[in-house]
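The structure appears below as structure tokens.
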């Protein structure tokens, strides 16, 4: 079966370190059941119109399209491609990653998501909250909404290689407003329970104003490393940290590739009570507010639960589950 995946993956363009789409595409290519249509991989949303021979269209991150360069044209190409695919009898699968756009606060992302919901034949999400969100937001739509946990990028266990930890908490990844790093730093500065904890924040921040605000708010027990880290550097810093902490804004996030990447280190993980963080209650300790963080304990057996997740949620199995869940759903 021919399948088109938007956005297409092009290594010359996709240098952010987020390899989700690359793994997604390769999993379907290797499955033997699907043929991935990937003509003109650098064509952005125009790619839908250039790959109309596909039988299934899988569309990711619809909420980000209005914010792309020439966003107005990108939206027009996207809508034209979806409508053309439907006219040719193709099935449309919308992958719902976010409840809304992380950084675009205008109404454009929500309008396009609403438009997409009424043209999709099925919705795929990596969190149970994604299905609840979809059913609540679109109660009149009866299309299948399918939950499949986010596959792991690697099943290996990264061992520390040393006996002591340099950091009690590590917050890693690209630093943007939605990560609430500034809010967390300000909280640490006023929290007596954390004043003796060593905290590392590492990742690239391209927002100069946000970077300056974080630096001005830093207490003495927090180290802030604003730069892109290689995979080896990131592994080193995580392996030297006792606990991995996510400070995401809960209003938009449903699933997190960074959470999945973190599993390989067998570390305690703390995150907001939302989306896939909440789904992994046997692995992740969830907070409602930052005030909860100092008193959180690891879930019992969390290491065994992580190892089970790593062994069962592989990209190799993902197309099989996709075909079983999605194809049976649209045939009803």
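The values are calculated or read from the model by the stated rules, or taken from the named source; none is laboratory data. Computed from a predicted structure; not experimentally measured. Note that we place each Cβ from the backbone using ideal geometry, even for glycine, and neighbour counts take in every protein chain shown.
Only a single item in (1) surrounded by fewer than 15 Cβ atoms within 10 Å (Cβ to Cβ); (2) part of a strand (DSSP E or B) is not met by residue 94, and it is number (1).
Taking residue 40 as the residue in question, decide whether it is more than 24 Å from residue 100 (Cα to Cα), surrounded by fewer than 18 Cβ atoms within 10 Å (Cβ to Cβ), touching a helix residue (DSSP H, G or I) at 6+ places or on another chain (Cβ under 8 Å) and modelled with pLDDT under 95. Spell out the reasoning first.
Working: more than 24 Å from residue 100 (Cα to Cα): yes; surrounded by fewer than 18 Cβ atoms within 10 Å (Cβ to Cβ): yes; touching a helix residue (DSSP H, G or I) at 6+ places or on another chain (Cβ under 8 Å): yes; modelled with pLDDT under 95: yes.
Here the answer is yes, as residue 40 does meet what is asked.
Annotation note: of 59, 50, 76, the sole residue that is without any contact (Cβ under 8 Å) to a residue 24 or more places away in the chain, within 18 Å of residue 118 (Cα to Cα) and either buried (at least 20 other Cβ atoms within 10 Å of the Cβ) or out of contact with any helix residue (DSSP H, G or I) (no Cβ under 6 Å at 6 or more places or on another chain) (or both) is 76. For residue 81, the test of being crowded, with 21+ Cβ neighbours inside 10 Å and over 22 Å from residue 139 (Cα atoms) is passed. Screening residue 196 with (1) over 20 Å from the mean Cα position of the chain (by Cα); (2) assigned by TED's automatic domain parsing to the domain that holds residue 64; (3) surrounded by fewer than 19 Cβ atoms within 10 Å (Cβ to Cβ) gives one miss only, at (2).
Residue 22 satisfies every condition listed in (1) under 26 Å from residue 151 (Cβ atoms); (2) at pLDDT 95 or above; (3) assigned to a helix (DSSP H, G or I) except (2). Residue count for the stretch 49-73, restricted to those that are assigned to a helix (DSSP H, G or I) and over 25 Å from residue 255 (Cα atoms): 5.
Scanning the stretch 94-116 for residues that are more than 22 Å from residue 73 (Cβ to Cβ) and touching a strand residue (DSSP E or B) at 6+ places or on another chain (Cβ under 7 Å) yields 95, 96, 97, 98.
Filtering the stretch 201-216 for residues that are in contact with a helix residue (DSSP H, G or I) (Cβ under 9 Å, 6 or more places away or on another chain), modelled with pLDDT of 95 or more, over 23 Å from residue 253 (Cβ atoms) and surrounded by 17 or more Cβ atoms within 10 Å (Cβ to Cβ) leaves an empty set. Per the listing 299, 272, 250, the residue uniquely modelled with pLDDT under 95 and within 15 Å of residue 178 (Cα to Cα) is 250.
Results for (1) at pLDDT 95 or above; (2) out of contact with any strand residue (DSSP E or B) (no Cβ under 8 Å at 6 or more places or on another chain), shown as yes or no for each residue.
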residue	(1), (2)
182	yes, yes
185	yes, no
218	yes, no
232	no, yes
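Note on the stretch 74-91: residues that are in contact with a strand residue (DSSP E or B) (Cβ under 7 Å, 6 or more places away or on another chain) and part of a helix (DSSP H, G or I) amount to 3.
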